[in-house]
Amino acid sequence: MRRVAIVGGGATRCGKREATWRELVQEAGKAMFEDVDNISPKEVDALLVGAAQPERFVFQVHVAPMVAEHLGITPRKVIATTELMCASGQAAIRYAWACIASGMADMAVAFGVEKMYMPDMAEAQTNMTCVLDREWDGINGLSAPPFFAMTAQRHMYEYGTTKEQMALVSVKNHHYSTMNPIAQFQKEVPVESVFKSPMIAPPLNLFDCSGITDGAAGVVLVPADRAKEYTDTPMYIIGSGQANIGNAINNLASITEWIPLKLAVEETLKTAKITLKEIDIAELHDCFTISEIMEYEAFGWAKKGEGGKFIENGEPYIGGTIAANPRGGLLGCGHPLGATAILQTLDILHQFRGDVPKGRSVSDAEIAVTHNLSGAANVHSILAYSRTEK
Amino acid sequence: MKKVEFEKLKRPETIKLPSMLDFYPLEDEKNTRISPFFSNLKERRLTTTRCEECGKVLWPPRIVCSSCFSDDLEWIDLGTEGELYAFTEMRLGAPLGFVDDVPFCIGIVKIGGLSISARIDNAKYEDLKIGQKVQLKVVELDDGRVFYRFDAAKETP
Ligand SMILES: [Zn+2]
């Protein structure tokens, strides 16, 4: 297996954009290619496009060739769309990585894009209801917010987690996103604002939930031994973990303990040959405030049930036990489904380059992970990155 | 030079709700091999499949056991009284076809050894409690298709 490096990438500004799906693709594609030296789109022989629901949000399938057409890419080895709902972008990176590692391709683009704003937002909400098992869970009105609301309710019931502790996750991530020019949300959100924001599904208020977001991003992968041809500052993929248990509500391993995440963390540490303590930055999938609290626990930074206290003590801030979501997270940056994992990865690259504003810069960061969950938190996916070749 | 035509077109004001967007599955034996689930429901019975070979109770109902791949499955009753494990109330962001129902309660109900998601009728979020009993209820669409819900109202003596 060949070692693989990411040599650059680019992204759109995220939010409610006055731009179509294909315009988002063009914006991010231009930014991506302009970020990499000595690159021609014709060199790209593998293209993987993370797109969660283009067939519902923009009524278009077979979207990978559409991305290729707009970016002047003519893949000769591998081309496909990768769908894993909220982790679709990470699926694209994983397959692009496998293409390069196996020798199947020599330059791969992992792209991600989602256009989620629709003239009728009830139609957008409808799309989100086929994420769980539509015929047996979705039919009950069960989309992500009510599912994570019940997860939060059980976590509060079993461990005494409070609404205020959950709100503190939103406070932290919105704080960091004020220093991220491409983030959807650019304002500080104090605890009172979380409490005053409209109730979506109790105990979750609007600011406990990540947004509906338009956005796109792409990164370029090459064999590690060729990385310096394209940039002075590549980063290296050093490990990963991914696990799934169940799909429908009844078949989950647990609702208050994310066992697939624990398995994915174990696998990541093993394959990357690192310890938890060596991780400097974690881009966690904070689709809801309760998610990030449960992730502190599953990764092992906090004991089971003590994720709430962990944020209360400021441990997931830069300078604490772990710098969690210094990008601004999904809560602050928005969550353009297929693009999210690419945006996380791109921000790690910028952190390693020392290219982010001081207030959210993690100095001397060497090792980072990006994490995504998808569905009813039944799949967890993690990638580990290193600033230097290990 | 010929004049460029400019013609106004009309689209239909309303269209019939496409069948895949009304969320309710196609239930009869022409469309699914688990149609007994729905005919049982019409008789006010909540049932699912159990593997005759290995004994595993499967939800949602199946035609092949996911544990041993036997297709020798039998229908069993799950009962009519469940216990509320978790619940919430959809207040904003309901999908098409559910918007008129807002606010409505959704829960995870423990019944017959399973934990299944369901609409909880006759309930306000503030009045519900983890662990409380809920009663099976059947709803029927005007085209005859049925689905299960649970009712939180206390029995009147
Ligand atoms: Zn069996």
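Laboratory data are not the source of any read-out in this text; all were calculated from the coordinates shown. Computed from a prediction, not measured in an experiment: that's the story for all the values here. Glycine also receives a Cβ, built like all others from the backbone with ideal geometry; neighbour counts cover every protein chain displayed.
A compact table of results
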read-out	value
Between segment A:77-141 and segment A:232-311, the alpha-carbon center distance in angstrom	20
Hull-based mean projected area of the protein assembly as shown, where the convex hull spans the alpha carbons, in square nanometres	30.1
Cleavage-rule hits (GluC sites (Glu not before Pro)) in segment A:283-390: DSSP loop, at most 15 neighbouring Cβ within 10 angstrom	A:Glu389
Shielding by partners - mean other protein chain Cβ count within 10 Å, residues of A:116-126	3
Chain B, relative contact order in percent, only Cα pairs under 8 angstrom and at least six apart counted	18
Cα long-axis angle, helix A:163-177 against chain A (0 to 90 degrees, to the nearest 10)	30
Other-chain or far-sequence residues with amide H under 5 Å of A:Ala377's (modelled H)	none
Residue order, fewest to most surrounding Cβ atoms within 10 angstrom, among B:Arg119, A:Arg76, A:Arg226	A:Arg76, A:Arg226, B:Arg119
For segment B:80-157, share of DSSP beta bridges that run antiparallel, in % to the nearest 5	90
Stokes-Einstein translational diffusion, segment B:26-79 - Kirkwood Rh over all Cα pairs, 1.306 mPa s, 10 °C, in µm²/s	141
Label-point gap, in nm, between A:Lys273 and B:Lys30 - each point 7 angstrom along Cα→Cβ	6.4
Environment charge at B:Val146 (Cβ cut-off 14 Å; Lys +1, Arg +1, Asp -1, Glu -1)	-1
Crossing angle, helix A:144-159 versus chain A [Cα axis fit, 0-90 degrees, rounded to tens]	50
Length-normalised contact order for segment B:80-157 - Cα pairs under 8 Å, 6+ apart - percent	31
Whether segment A:13-171 is rounded, prolate or oblate, judged on the alpha carbon gyration tensor where a/c under 1.5 counts as rounded	prolate
By average C-beta atoms within 10 angstrom, highest first, the peptides A:338-348, B:79-89, A:111-121	A:338-348, A:111-121, B:79-89
Orphan Cys of the protein assembly as shown, criterion: no other Cys C-beta under 4.7 Å	A:Cys14, A:Cys86, A:Cys99, A:Cys130, A:Cys209, A:Cys287, A:Cys333, B:Cys105
Top of B:Lys137, B:Lys110, B:Lys124 by mean-square fluctuation, Gaussian network on chain B, Cα under 10 Å	B:Lys124
Between segment B:69-88 and segment B:13-58, the alpha-carbon center distance in angstrom	13
Per-residue mean of C-beta atoms belonging to partner chains within 10 Å, peptide A:130-141	6
Normalised contact order of chain A, rounded percent, pairs of Cα under 8 Å and 6 or more residues apart	25
Volume in Å³ per residue [convex hull over Cα atoms, computed for segment B:80-157]	116
Listed pairs A:Lys262/B:Lys56; A:Lys187/A:Lys358; A:Lys42/A:Lys390; A:Lys262/A:Lys390 exceeding 21 Å between Cα atoms	A:Lys262/B:Lys56; A:Lys42/A:Lys390; A:Lys262/A:Lys390
Shape category assigned to chain B from the gyration tensor of Cα positions, a/c cut at 1.5	oblate
Average partner coverage of B:120-130, which counts Cβ from other chains inside 10 Å	1
Cα long-axis angle, helix A:88-102 against chain A (0 to 90 degrees, to the nearest 10)	40
Cα-projected label distance for B:Val57 with B:Trp75, points at 7 Å along beta-carbon direction, nm	1.7
Förster radius 22 Å - calculated FRET efficiency between B:Asp22 and B:Val138, Cβ distance, rounded to 0.05	0.80
